[in-house]
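Read the figures in this text as sums done on the coordinates, not as results from a lab. Predicted, not measured: the structure shown is a model, and the values here were computed from it. All Cβ positions, glycine included, derive from the backbone under ideal geometry; neighbour counts span all protein chains shown.
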Amino acid sequence: MTGRLHPGLIAFAVLVYIFLMGPLIIVIGSSLSDTTFLTFPPQGLSLRWFERIFEMAAFRRTMVTSFQVATLATCFALIIGIPAAYALNRYRVQLPGWLSTLFVLPILVPEIVLGFSLLRSVQVGAGLPVFSTLLIGHTLLVLPYCVRVISASLASFDFSIEEAAISLGSPPWKTFFTVVLPNVRSGVIAAFILAFITSINDVSVALFLTGPGISTLPIQILAHVEQFFDPVIASVSVLLMFLTVAVMAVVERTLGLTFLTK
Amino acid sequence: MAAPLSLEHLTAHYGTTKVLDDLSLDVGAGELVSLLGASGCGKTTTLRLTAGFLAPTAGAIRLGDTDLTRLPAHRRNIGLVFQNYALFPHLSVLDNVAFGLKQRGMGSAERTRKADDMLQRVGLADLAERLPGELSGGQRQRVALARALVIEPQLLMFDEPLSNLDAKLRVDMRVEIRQLQRANGTTSVFVTHDQEEAFSISDRVAIMDAGRIRQFDTPEVLYQRPSNAFVARFVGFENLIPLTSATRQGSIVHAKGDGGISVVLDQEQLGAVPDRFTLATRPDGLRVSPDADAEGIPSTLGLRTYLGRAYHYQAETPAGHLVAAGPLSRPLDIGATARLVPELEQCCILPAEEAP
């Protein structure tokens, strides 16, 4: 077990880490630069570009919108996706095979097409407000991930424990919460994280669905870099990164803890 | 606590396939009855109907004074022990056992005490805080048993509970199950495909085939007096010989069959012998006699196998392929002609078999 690692393997692993971490280090580095233009390594250290974010109303507003949309869309997708994944796995034998494929189809449609068609049909066609359309778009965008990830953890779930619970006097609807959900908890957390990140980073769908007064942070960043080249972009990215990590941590803790204290 | 279970004319379908056909079964209060049969015979369907996971297309299920037929599964008060244990992986052993008590609204202190007591009884008190994943197969099965017993069910049902255990443990566990069931006096239904298991553990056994019960009786009667050809084959009566009674003299019946088969039967030993019937024996109940002129079944011997206490011969006869036994002192060779003589104390009379 304690055989020596080949030096080549170590070198390869280090390269992979550099490749993965490099962009993050460069972004974090540039965000701390004291210059008025993006540069790496940073020249002088300063937090002024972080302060600058909060002086710019557009960034503040879009950041709030992004988090609202990502949280709500993820929650909606889970509310639809958990029962869907449950049904697809529980009744796998009875259901036709193409049904589970149906739930991943949105992944196959280019996001930009999804955005454009929602603009045409929902926003312009049905006349829904911008925020609602954005929410629908992102729910559709992240739903396949939720169904896939939760299905994966349900695939190894032994449904006979559900029958065991029922035979012990637990009503079926309650059994779902006391026995099924706690055992796919890790899948739900993974689905939440994946869906949240997908939504908060989305450009292609939001590009069509954002409108007057309402925009998401990635769209605002895009708008900003078209005119300016200052380190505020880097600091916004860093802030977004840390806020996302914070949300993940909160989800992990709360979902984990509520089920553990059951 | 013990209540009799009564299944009345149950019929069940999966889609358009009929899986249970007008099945009736009465299990006495405190009795342990096994449903025995090959896979697909309807034994598990019967269990699932009784548990409430399936609905019958016709018929009724009664437990004591309660009509269960339309009662939802979670209100039936039936303890279930599953083949794969079906323990809750996210709960400790203690919480697994206390689960049913919690559903019944029992307070935390009392259910812990009761679950602890039950774990003590199955010898797992030390493991109360473990998760099921940390237990061996036998321990898991004990937890499953404790979980089903602690709710003091009116009926206990086992779905092939021992088939995932190794041979030695299987024998130990079935003794343990029987002892616990006896001590509690809980009416029980045990589903298995293992004949030895069913016979050793049960008060009565229902042998099932194609959605029907072919015979329902004590293991002793089933083993010695099967009432039809299916059950006879199932319990090892390999030789089924169709015969017709020729002459009767007091209790003695001379019976004849195809190709010069001629046997003498005694109704005092075999019970009433009808005019047309099938004589059934195990290999040891059919003796090979080298005397080619004696009464019996003319045969040509085939392969001889050594079984310690006797030789078994594969024999070709006018009644088809039979297996007979011969003494170790006089082995006979392949191709020898011999008579096969039934040992009456090891034979039974079955109704004439319908053409299959």
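Starting with the highest mean, order A:6-12, B:20-26 by the number of other Cβ atoms within 10 Å, averaged over the residues of each peptide.
Working: A:6-12: 9.6, B:20-26: 18.4.
Ranking the peptides A:6-12, B:20-26 by packing returns B:20-26, A:6-12.
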Between 0 and 90 degrees, rounded to the nearest ten: what's the tilt of helix B:167-184 against the longest Cα principal axis of chain B? 60
Return A:Cys75, A:Cys146, B:Cys347 ranked ascending by Cβ neighbour count within 10 Å, so the fewest neighbours appear first. A:Cys75, B:Cys347, A:Cys146
Just the number, please: percent antiparallel of the DSSP beta bridges in region B:5-231, rounded to the nearest 5. 50
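How many Cβ atoms of partner chains, on average, are near each residue of A:154-164 if near means within 10 Å of its Cβ?
Mean partner shielding for this stretch: 5.
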Distance from the Cα centre of region B:83-154 to that of region B:298-337, in angstrom? 55
Excluding B:Thr186 itself, what net charge comes from residues whose Cβ is under 12 Å from its Cβ, given Lys and Arg +1 and Asp and Glu -1? 0
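Per residue of B:84-93, how many C-beta atoms from partner chains lie within 10 Å of its own C-beta, taken as a mean?
Numbers: counts 4, 4, 9, 3, 9, 6, 10, 6, 0, 0.
Averaged over the peptide's residues, the number is 5.
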Calculated FRET value between B:Lys18 and B:Glu110, using beta carbons and R₀ = 41 Å, to 0.05: 0.30
Taking a spot 7 Å from the Cα of B:Asp217 along the direction of its beta carbon, which residues of region B:262-281 have an amide N less than 19 Å from it? B:266-281
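If neighbour count is taken as other Cβ atoms inside 10 Å, put B:Lys168, B:Lys256, B:Lys43 in order from fewest to most.
Lowest count first: B:Lys168, B:Lys256, B:Lys43.
At 0.36 nm per residue, and after removing the present C-alpha to C-alpha distance, how many nm does the segment from B:Asp26 to B:Ser92 gain when stretched out fully? Write out the running numbers ahead of the final one.
Numbers: separation 66, 0.36 × 66 = 23.76 nm, distance 3.71 nm.
So the chain would gain 20.0 nm between B:Asp26 and B:Ser92.
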From Cα pairs below 8 angstrom and at least 6 apart in sequence, can you work out the relative contact order of chain A, rounded to a whole percent? 29
If you average the alpha carbon positions of region B:46-68 and of region A:44-109, how far apart do those two centres end up, in angstrom? 45
If you build a Gaussian network model of chain A, linking Cα atoms that sit under 10 Å apart, which residue out of A:Ser30, A:Ser160, A:Ser100 swings the most? A:Ser160
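If the viscosity is 0.692 mPa s and the temperature 37 °C, what Stokes-Einstein diffusion coefficient in µm²/s follows for region A:14-143 when Rh is the Kirkwood radius over Cα pairs?
Details: Rh = 18.7 Å.
Diffusion coefficient, whole number: 175 µm²/s.
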Evaluate the Debye formula for chain B with equal point scatterers sitting on the alpha carbons, no solvent, and hand back log10 of I(q)/I(0) at q = 0.07, 0.09, 0.12 Å⁻¹, in q order, two decimals. -0.41, -0.63, -0.91
Tally Lys/Arg at +1 and Asp/Glu at -1 over every other residue whose Cβ is under 15 Å from the Cβ of B:Leu301; what's the total? +1
How do B:220-233, B:171-184 rank on mean C-beta neighbours within 10 Å, highest first? B:220-233, B:171-184
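Across every pair of different alpha-carbon atoms, what Kirkwood hydrodynamic radius in Å does the protein assembly as shown reach?
On the way: mean 1/r = 0.0324 Å⁻¹.
Taking the inverse mean of 1/r over all distinct Cα pairs, the protein assembly as shown comes out at 30.8 Å.
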Springs between alpha-carbon atoms under 10 Å, Gaussian network over chain B: tell me which of B:Pro219, B:Pro342, B:Pro72 tops the mean-square fluctuations. B:Pro72
Student exercise, region A:57-261 dipole from Lys, Arg, Asp, Glu Cβ charges, in Debye to nearest 20: 240
Might you report the magnitude of the Cβ-based charge dipole of chain B about its Cα centre, with Lys and Arg at +1 and Asp and Glu at -1, to the nearest 20 debye? 1000
Arranged by the count of other C-beta atoms within 10 angstrom, fewest first, what order do A:Ile26, B:Ile78 take? A:Ile26, B:Ile78
First select every other residue whose beta carbon is under 10 angstrom from the beta carbon of B:Ala73; then total the charges, Lys and Arg +1, Asp and Glu -1. +2
Gained length - B:Ala38 relative to B:Arg182, 0.36 nm times residue gap less alpha-carbon distance: 49.1 nm
What full-extension length gain, to one decimal in nm, is calculated for A:Ala126 and A:Leu105 as 0.36 nm per residue of separation minus the Cα-Cα distance? 5.2 nm
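For every helix of n ≥ 4 consecutive DSSP H residues, a contribution of -39,500 (n - 2.57) applies; sum these over the protein assembly as shown, divide by its total residues, and give [θ] at 222 nm rounded to the nearest 500 deg cm²/dmol. Don't skip to the end; give the middle numbers.
Working: 22 runs with 271 residues, N = 618.
That calculation yields -13500 deg cm²/dmol at 222 nm.
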At q = 0.15, 0.16, 0.18, 0.19 Å⁻¹, what base-10 log of I(q)/I(0) does the Debye formula yield for region B:69-174 when every alpha carbon is treated as an equal point scatterer in vacuo? -0.59, -0.67, -0.85, -0.94
Could you let me know the centre-to-centre spacing of region B:191-222 and region A:178-240, using Cα atoms, in angstrom? 64
From other protein chains only, count the Cβ atoms within 10 Å of every residue's Cβ in A:169-177, then give the mean. 4
Relative packing of B:153-164, A:220-231, which averages over residues the other C-beta atoms within 10 Å, highest first: B:153-164, A:220-231
Who wins for biggest fluctuation among A:Thr175, A:Thr216, A:Thr139 in a Gaussian network model of chain A, springs between alpha carbons below 10 Å? A:Thr175
Residues of region A:22-37 with backbone N under 19 Å of the label point set 7 Å from the Cα of A:Leu5 along Cα→Cβ are A:22
So how tilted is helix A:130-155 from the main axis of chain A? Cα-based, degrees 0 to 90, rounded to 10. 50
